[in-house]
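All remarks here apply to the structure that follows.
Just so you know, all these numbers are worked out from the coordinates, no wet-lab data involved. Small disclaimer: the values here were computed from a predicted structure and weren't measured. Heads up, the Cβs are rebuilt from the backbone with ideal geometry, glycines too, and the neighbour counts pull from every protein chain shown.
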Amino acid sequence: PFYLLSVTGLTSIDICPLNYLLERYSFKESNACIQRGVPLHNIFACMLLQPDDQNSWRRQCHLELDQQLPDLTMQQIKPRELYTAARGHLNALTQIDQMLAPRTYAQIFSERYMLNPDLGLQGKIDALVQKQNGHWQALELKTGKSWGHKANSGHAFQVSAYHLMLWHAGLEPLDPPAVLYTGNQAARMHNQEKLLPSHSMQKLVPFDATTAINLLNIRNELVRIDYAGRLAFNANPRKCQGCGKHTKSKQVQCVTLHKLGLDGGTPPAKELQQLIKTVRVSAQIRQGFQAMHQALLQELQAIRTTQGQAMQESSAQRIAAGICLKVQPDSSPPSNGCLRLKLENNRSEFREGAPCLLSDAEGPVKGNCVGGFIRAISATHAEISLPSGVQALWFTPLYLDRHLADATFEKNFAGAYALWIAPGADTEGQKEDTLQPIRQFLSGRTAFRPNLSAPTIDLAGINPRPLAAQCKALSLAQGLQDILLVQGPPGTGKTYTLALMVKALAQQGRKIAIATYTHRAADEVINKLSRLAPELELRKLGRPESMAAQHADKCLTNILRRPQPIRPLEHAEGMLADLETRQRELENLLRAPAVYIGTTHAWFDNTLQQLPLMLSTNQAPYFDVVVVDEANQIITPNLAGVLRLAKRWVLVG
């Protein structure tokens, strides 16, 4: 108990036992389903809130595609392609909306966050509805296809978990949970086949004591995996065959994890036994990976246990511990998805950009709750960014709780895998293996090449004048071969030196990516570069609320955001023409030379990983040099997301 796991993990393990680990050790890459699913879920929320206003649905569709446009541009996807793929699903949503008409449902809440430390589960439900007869029901929306007349078992586990948490919180009476599918209807529309009746898109999931026991057994199996770090091969060979049909690299990774010692000893399917003979992992690599992996597992366990234990305590205890604040809503309504709150003499360590939970008088476990991010915080006020599907709160907020982002930490497992294991030769379009020198160094096979001394840049007019050690760092940075370490105690001018090195490298024509451990450090780097190198175009990755207000014009999200509000267009063709024009503008913006700055976690983002791909004209890495600030505070696997984007690195700490 109180070991908090995400409900979505129940879906991953259903696909294949090893899939739970395959997801963990892979850099998340966007695909057509994800690109289609995000706007559809937000449009669904709009339909639930405004069931009879079809014009608002069209505006929301245009708005969602417009907000997706930067991501689509980075991944070289045309908005027309996405709209064509999503149109059948959109039409299916209108039928679902008619089914969820006010005559049947009295209240509908979208994106409610649910957390239960006794059950050890947490997650965000797509919709919680109360019917006219007073009964409650949990609903999940899926853009895929159902298994005939039943919900897919993984989806059934997911919505059943929410149902169980609702029951445990005392919300009764409860009707059986349901999964809403748009994929079957969308396929029929595309093939011009007879459409299904609206009610067939809703798959009820039977729930009884046996369901609850099976669900918690699966949850407990996930806990065991987290503690042991191991999983068995799939007992169903057909799933291995299916996996091989889709992507060979996934089978290679599956076998590699086996070679690294992460399987539980179950014999692999015949399809994998031959592959096992060809994949080789040295004892040195295996030992190095396992040491790093074990440390990551212990940290993940601490994060998930700490959050669950905290939620077992009363609000007064959490406030005394500094992990919860009592709040009052400001008189102003939410604006641009942001809610303003009053605080009572805040002395907590809550930071801007941190994830949080906002709940009513009952607290996040028993009461109403939404997840969000702290946009700004002071002694007397806080601004909270709400989820995109929440336009206004349906409850009066009273508590603001810290929310430990275990999903963010989990990215380190993919980093560890990338540091120790070379990409598979079968991976199509694979860029150059930039991490090979680091991998060889970690395994003791080679040393880095010494840097060359080079003439420093003209320092005339630079104030304060760099010291001798700073000038040496500048010289070595300009003669960079593989890696340069710049070390110094606090207050010795490391960030100033970093800014000078970036200026010098940019003057050499190098393309530069900068990574920091915190958003505050990124703001400080921007401060220094803005003063010392005003000629450089700086672009900060991440959410606008995570950076200082004076640098809002350097936030990539703001740069790519439409300068004027979109003009609602009644017809799809006009909307698509508008989006295509805007996409060409974004392509020109992204191709302009710039220095990109972001936290190490931001560089793990699946969309931002596509940025160098779009900018690059060949398989070589786009960036020439990666510069990392606060490197001494960053665990090694957390660096992998950004280090793999270049072949030369400067670490400052």
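Listed values, structure above:
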quantity	calculated
Under 19 Å from the Ala469 label point (7 Å along Cα→beta-carbon), backbone N, the range 476-499	476-478, 484-499
Computed [θ] at 222 nm, deg cm²/dmol, the chain (DSSP H ≥ 4; -39,500 (n - 2.57); rounded to nearest 500)	-13500 deg cm²/dmol
Residues Thr11, Thr305, sorted so that the one with the fewest Cβ neighbours within 10 Å comes first	Thr305, Thr11
Per-residue Cβ neighbour rank within 10 angstrom, fewest leading, Trp147, Trp167, Trp603	Trp147, Trp167, Trp603
Using alpha-carbon coordinates, inclination of helix 54-74 to the longest axis of the chain, degrees	30
Cα-based reach from Lys28 at 12 Å (exclusive), listing aspartates and glutamates while leaving out same-chain residues under 8 positions away	Glu410, Asp605
Cβ-placed point charges (K, R +1; D, E -1), dipole of the range 325-465 about Cα centre in debye, nearest 20	400
C-alpha long axis of helix 32-49 to longest principal axis of the chain, angle in °	50
Label-point separation in nm, Leu195 to Ala302, each point 7 Å along Cα→Cβ	5.5
22 Å Cα-Cα threshold exceeded, pairs from Lys411/Lys503; Lys150/Lys194; Lys250/Lys411; Lys472/Lys540	Lys411/Lys503; Lys472/Lys540
Estimated FRET transfer efficiency (Ala552, Gln508; beta-carbon r; R0 30 Å; 0.05)	0.50
Listed residue (Leu141, Pro450, Ser332) projecting farthest to the positive dipole end of the chain, Cβ model	Pro450
Segment Ser331-Lys145, length gained on full extension (0.36 nm per residue, minus Cα span)	62.5 nm
Cα pair distances in the chain, grouped into 10 Å bins until the bin that holds the longest one, percent each	3, 14, 23, 27, 21, 9, 2, 0
Per-selection Rg to Rh, the range 302-407 - Cα, Kirkwood hydrodynamic radius	0.93
Dipole magnitude (debye, nearest 20) for the chain, charges at Cβ of Lys, Arg, Asp, Glu	1500
At most 11 other Cβ within 10 Å, DSSP loop - GluC sites (Glu not before Pro), the range 497-596	Glu535, Glu570
Length gained when the stretch Ala169-Ser26 is fully extended (0.36 nm per residue, less Cα-Cα span)	48.0 nm
Ala572 versus Arg543: modelled label distance in nm, points set 7 Å from Cα along the beta carbon direction	3.3
Lys131-Arg591 FRET efficiency (beta carbon distance; Förster radius 51 Å; 0.05 resolution)	0.45
Computed FRET value (nearest 0.05) for Ala454 with Cys338, which takes r as the C-beta separation and R₀ as 60 Å	0.80
Sites matching chymotrypsin sites (Phe, Trp or Tyr not before Pro) across the range 28-92 that sit in DSSP coil, with at most 15 neighbouring C-beta atoms within 10 Å	none
Inter-probe distance in nm under a simple model that places probes 7 Å from Cα toward Cβ, at Arg584 and Phe395	5.0
Between 0 and 90°, nearest 10: helix 237-246 axis offset from the chain longest Cα axis	60
Cross-link partners of Lys342 among aspartates and glutamates (Cα-Cα below 16 Å; sequence separation of 8 or more within a chain)	Asp330, Glu352, Asp360, Glu383, Asp401
